[in-house]
């Protein structure tokens with residue numbers, strides 16, 4: 001099979017996988033292949049995460065990295081293309097099969113992806129320079145154990161999770177569910193013709209306070225970089241996605257914010273109510289030894 005055929009198979013399998021997940025939840029776009037393609041977690045989209053890590057933590061070349069809940073393997077691939085010794089696991093065996101197709105396309109060892117559970121990471125203490133977890137912690141059954149394992153096997157962590165204060169639910173892409181008790185959320189989803197089963201069984205909103213507390217209890221020093229990232233983008237609009245930042249109206253809006261000195265206020269508001277929270281954590285023990 002040539003590379004074009006391998007890529008076509010990878011793309012088709014990825015779209016089919018996401019389409020099935022969306023269909024189960026009752027999302028209206030589950031048959032729209034072009035829309036789904038925009039939501040595939042591929043190595044191109046993952047570059048923003050790579051850039052964050054190299055900006056706020058360290059250069060990833062030759063670093064050992066583990067991506068937990070690796071999904072379709074885009075982030076692990078982006079890491080490996082930048083020279084990192086990256087591997088990833090997911091509890092979903094179907095997702096890992098697609099990851100292996102991605103590894104094959106890029107010429108990586110397929111064993112860099114495996115089926116696993118974040119509550120029991122099969123590696124020794126401090127084996128990894130970094131662990132990444134993107135949109136994972138809100139799905140785990142035992143958050144305390146997962147944070148303990150992340151802290152045990154890694155020297156640093158980069159964690160992204162949905163903001164429970166955001167008025168738009170990330171998994172169903174509709175407004176207001178995060179504010180509601182579980183029972184009301186289920187009822188609301190039914191009224192809106194969505195299937196609430198995934199919401200009921202697999203979505204457990206997590207606050208920044210709880211994540212920080214658990215990481216600190218496991219001797220990790222935590223920094224919430226969400227506001228910092230937004231402020232940097234407001235001060236440098238070229239960092240924002242091309243299609244948005246080059247729109248004349250958007251440029252004028254950003255210009256006005258900066259002239260009025262409102263950048264910090266807007267960044268704080270977005271960090272408080274925006275769609276996701278990003279934290280980085282470093283092992284305190286290793287830092288104390290260096291000092």
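The values are calculated or read from the model by the stated rules, or taken from the named source; none is laboratory data. Everything quoted here is computed from the prediction, not taken from an experiment. Cβ placement follows ideal geometry from the backbone for every residue including glycine, while neighbour counts extend to all protein chains displayed.
Results, tabulated for the structure shown:
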quantity: Residue check, residue 78 buried (at least 21 other Cβ atoms within 10 Å of the Cβ), under 27 Å from residue 229 (Cβ atoms) and at pLDDT below 95; calculated: no
quantity: Test set (1) within 27 Å of residue 201 (Cβ to Cβ); (2) buried (at least 19 other Cβ atoms within 10 Å of the Cβ); (3) touching a helix residue (DSSP H, G or I) at 6+ places or on another chain (Cβ under 7 Å) - residue 10 fails condition number; calculated: (1)
quantity: Region 125-138: number of residues that are over 20 Å from residue 226 (Cβ atoms) and either outside the structural domain of residue 89 (by TED's automatic domain parsing) or surrounded by fewer than 21 Cβ atoms within 10 Å (Cβ to Cβ) (or both); calculated: 4
quantity: Subset of region 171-215 [touching a strand residue (DSSP E or B) at 6+ places or on another chain (Cβ under 6 Å) and not in a helix (DSSP H, G or I)]; calculated: 175, 206
quantity: Qualifying residue in region 160-172 (condition: farther than 30 Å from residue 29 by Cα, at pLDDT 95 or above and in the same structural domain as residue 61 (by TED's automatic domain parsing)); calculated: no
quantity: Qualifying residue in region 46-54 (condition: assigned by TED's automatic domain parsing to the domain that holds residue 96, under 15 Å from the mean Cα position of the chain (by Cα) and at pLDDT below 90); calculated: yes
quantity: Per-region count, region 222-266, residues at pLDDT 80 or above, assigned to a loop (DSSP other than H, G, I, E, B) and surrounded by fewer than 16 Cβ atoms within 10 Å (Cβ to Cβ); calculated: 0
quantity: Selection status of residue 108, farther than 20 Å from residue 159 by Cα and either without any contact (Cβ under 8 Å) to a residue 60 or more places away in the chain or in a loop (DSSP other than H, G, I, E, B) (or both); calculated: yes
